[in-house]
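Visitor: Quick one: the structure is below, questions incoming.
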Amino acid sequence: MDEEAHVLQIVWFHRTTEILLLVFAGFTIVPWLFSLIGLGIPVRYLLIPFWCYILVSTVVVFRLSQLVYSTSIAILCGLLMLTVILGLPVLAIVNQKAVRVLKRQGLKPGPMGMSQSEARIQLRSLRKRDES
């Protein structure tokens with residue numbers, strides 16, 4: 001795999017982890033807000049979406065950690081993602097490592113990551129600058 005394709009995969013998975021962090025916040029804040037106004041959501045209605053979130057985030061964190069670390073670390077991160085308590089710190093740590101890798105490549109990811117088209121534009125401008 002060439003360097004640009006590798007970086008673009010990191011960009012895609014990094015942006016996905018940013019979205020997963022927001023979804024996790026939604027799973028914790030929305031039920032609290034509903035209970036605050038007296039419209040409690042029964043826990044059984046949240047279990048299926050929550051476990052779907054756990055499975056999707058496990059796959060995303062596994063792939064991202066495979067790109068920025070190694071396969072053995074990715075397996076460990078994937079297993080830790082299946083534990084509810086350790087999932088959020090693992091997600092945040094892998095996300096930060098991806099940000100460092102992208103910045104080392106010369107890219108400037110924003111608070112919600114960056115799109116692949118933005119990454120391509122930045123990579124092209126870096127290549128042109130290096131050629132001149």
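Visitor: Might you check whether a residue that is part of a helix (DSSP H, G or I) and more than 28 Å from Asp2 (Cβ to Cβ) occurs anywhere in the stretch 66-79?
Guide: Yes, because at least one residue in the stretch 66-79 is part of a helix (DSSP H, G or I) and more than 28 Å from Asp2 (Cβ to Cβ).
Visitor: Next question. Any residue in the stretch 81-109 that's more than 25 Å from Asp130 (Cα to Cα) and in a helix (DSSP H, G or I): show its pairings with residues that are among the small types (Gly, Ala, Ser) and at pLDDT 90 or above at Cβ separation under 6 Å, as long as the two are six or more apart or on different chains.
Guide: Val94/Ser65
Visitor: Moving to a separate point now. All but one of (1) surrounded by 13 or more Cβ atoms within 10 Å (Cβ to Cβ); (2) within 15 Å of Ala5 (Cα to Cα) hold for Ser117; which doesn't?
Guide: So the condition that Ser117 fails would be (1).
Visitor: If you check Cys52 against the conditions, is it exposed (fewer than 12 other Cβ atoms within 10 Å of the Cβ), assigned to a helix (DSSP H, G or I), hydrophobic (A, V, I, L, M, F, W, C) and over 12 Å from the mean Cα position of the chain (by Cα)?
Guide: yes
The values are calculated or read from the model by the stated rules, or taken from the named source; none is laboratory data. Keep in mind it's a predicted model, so treat the numbers as computed, not measured. Cβ coordinates were reconstructed from backbone atoms using ideal geometry, including for glycine residues, and neighbour counts include every protein chain displayed.
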